[in-house]
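Novice: Structure provided below as structure tokens; questions to follow.
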Amino acid sequence: MVASARDVQHEAWKNVQQLVQELSKVDAAKHPGVAALVKDLRAKADAMDAGVGGFYLEIDPEALIAENPNYWRAALELAPGDSTLAVLEVMVMVASGDIEGASDVLELVRAGPLTDENLDGPMAKQRRMMASWRLNPPGLDLMMIRGLPAKDRWEPGKRLQAENPESGAVALVVLRMRTDLAGVTLTAEGEGQRMRNKILEAKLPLWAAIVKAKEESGDAAKRIAEMMTPDETGIVNFSEDDLAKLVADFDRVELPDWALRLQMGEWGEANASDQAAWRQLLPRMIGEAAAPILDDWEAGRVATVTLHERMDEPDRAGGLAHRPRGGWPL
């Protein structure tokens with residue numbers, strides 16, 4: 001069974017509504033960021049005509065999440081390791097139609113502290129639907145094209161690009177085709193630059209974003225790829241110093257929101273390095289609105305609440321063991 005993009009969006013929006021319902025139960029007086037985010041999402045839902053085709057186009061993930069001060073304030077009001085808002089972001093992105101980009105955020109959520117069953121069940125179902133959607137065009141066509149020589153990818157590749165102008169996956173396939181034909185490396189200047197710019201104009205999944213990297217940023221992208229590669233046990237391990245370098249590298253490839261997600265996904269309580277990273281990166285996301293949020297957080301005026309308990313990792317013997325900071329299963 002395969003799923004259409006609309007099937008995937010319906011399921012995601014249902015999950016968004018469920019998460020908003022859970023967030024609405026939080027004490028608004030103690031957690032004004034959560035309450036404001038709930039208000040934003042409900043206002044968007046009220047503005048959408050649920051009975052008319054294409055209504056999902058009303059959803060703007062950037063405005064609702066990445067550039068929304070209420071989202072980041074709410075993120076600090078949830079206890080460290082609580083994945084509720086990260087899952088919410090995934091579902092908002094999927095509902096808007098940015099299924100490819102949401103896949104990368106979903107992987108980052110899975111890499112953080114284990115979520116409880118109330119979150120993991122919906123995420124597992126959403127992953128299955130997204131995988132089924134990838135069997136539909138352009139996913140199936142892209143798999144067929146990738147196996148062809150570069151010259152034979154030209155016509156089907158350009159046709160897919162015309163049919164799917166906002167697809168980062170299609171743009172990347174066309175970029176690879178052009179650079180293969182030109183005999184240049186993927187991140188080199190020249191013939192591939194126009195298509196690289198096209199990828200940047202689309203909603204970028206992480207692997208497509210790294211394509212843009214060059215010069216110093218190219219080195220940063222390489223380090224990111226190496227550091228986020230799991231060992232033979234499926235675990236990504238890095239120390240406190242490694243985390244700081246990883247955050248800095250995400251910043252160099254112009255993905256400050258990904259750097260903040262790393263900080264949000266850490267195991268343990270917030271510390272001075274977390275505050276320093278947020279102080280550096282959050283103003284780039286939301287401008288002047290960052291200052292009062294960070295001042296309250298650093299002064300201890302932000303009360304935290306837990307909606308979904310993080311779970312311990314199963315150890316090799318089948319029991320439970322706390323994951324050391326920096327060891328994330330993928």
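Novice: Given LEU260, LEU320, LEU307, which one is at pLDDT below 85 and either out of contact with any helix residue (DSSP H, G or I) (no Cβ under 8 Å at 6 or more places or on another chain) or more than 14 Å from TRP72 (Cβ to Cβ) (or both)? I'd like the intermediate steps shown before the answer.
Specialist: Values: LEU260 fails: either out of contact with any helix residue (DSSP H, G or I) (no Cβ under 8 Å at 6 or more places or on another chain) or more than 14 Å from TRP72 (Cβ to Cβ) (or both); LEU307 fails: at pLDDT below 85.
Result: LEU320 is the single residue among LEU260, LEU320, LEU307 that is at pLDDT below 85 and either out of contact with any helix residue (DSSP H, G or I) (no Cβ under 8 Å at 6 or more places or on another chain) or more than 14 Å from TRP72 (Cβ to Cβ) (or both).
Novice: Another one. Determine, yes or no, whether ALA95 is assigned to a helix (DSSP H, G or I), under 11 Å from the mean Cα position of the chain (by Cα) and surrounded by 23 or more Cβ atoms within 10 Å (Cβ to Cβ).
Specialist: Considered against the rule, which asks whether it is assigned to a helix (DSSP H, G or I), under 11 Å from the mean Cα position of the chain (by Cα) and surrounded by 23 or more Cβ atoms within 10 Å (Cβ to Cβ), ALA95 comes out as no.
Novice: OK, next. Name every residue in the range 1-25 that is of a type outside the set (A, V, I, L, M) and part of a helix (DSSP H, G or I), in order of residue number.
Specialist: Listed by number, the residues that qualify are ARG6, ASP7, GLN9, HIS10, GLU11, TRP13, LYS14, ASN15, GLN17, GLN18, GLN21, GLU22.
Novice: Another one. In the range 207-221, how many residues are at pLDDT 75 or above and surrounded by fewer than 17 Cβ atoms within 10 Å (Cβ to Cβ)?
Specialist: 1
Novice: Of these, VAL16, VAL87, VAL20, VAL34, which one is touching a Ser or Thr at 6+ places or on another chain (Cβ under 8 Å) and of a type in the set (Val, Ile, Thr)?
Specialist: VAL87
For (1) buried (at least 21 other Cβ atoms within 10 Å of the Cβ); (2) outside the structural domain of LEU106 (by TED's automatic domain parsing); (3) touching a Pro at 6+ places or on another chain (Cβ under 8 Å), each residue gets a yes or a no:
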{"residue": "ASN118", "(1), (2), (3)": "no, no, no"}
{"residue": "MET143", "(1), (2), (3)": "no, yes, no"}
{"residue": "TRP154", "(1), (2), (3)": "no, yes, no"}
{"residue": "ASN164", "(1), (2), (3)": "no, yes, yes"}
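Novice: Same structure, new question: All but one of (1) surrounded by 15 or more Cβ atoms within 10 Å (Cβ to Cβ); (2) free of Cβ contacts under 8 Å to residues at least 12 places away in the same chain; (3) of a type in the set (Lys, Arg) hold for ARG128, so report the exception by its number.
Specialist: Looking at each condition in turn, ARG128 falls short on (1).
Novice: Additional query: Please find, among ALA43, ALA35, ALA28, ALA63, the residue that is of a type outside the set (Val, Ile, Thr), without any contact (Cβ under 8 Å) to a residue 40 or more places away in the chain, assigned to a loop (DSSP other than H, G, I, E, B) and over 19 Å from PRO122 (Cβ atoms).
Specialist: ALA28
Novice: Pick out the one residue from ASP152, ASP120 that is under 30 Å from LYS30 (Cα atoms) and either among the charged types (D, E, K, R) or not in a helix (DSSP H, G or I) (or both).
Specialist: None of the other options fit; the residue is ASP120.
The values are calculated or read from the model by the stated rules, or taken from the named source; none is laboratory data. Given the structure is predicted, the values throughout are model-derived calculations rather than measurements. Glycine also receives a Cβ, built like all others from the backbone with ideal geometry; neighbour counts cover every protein chain displayed.
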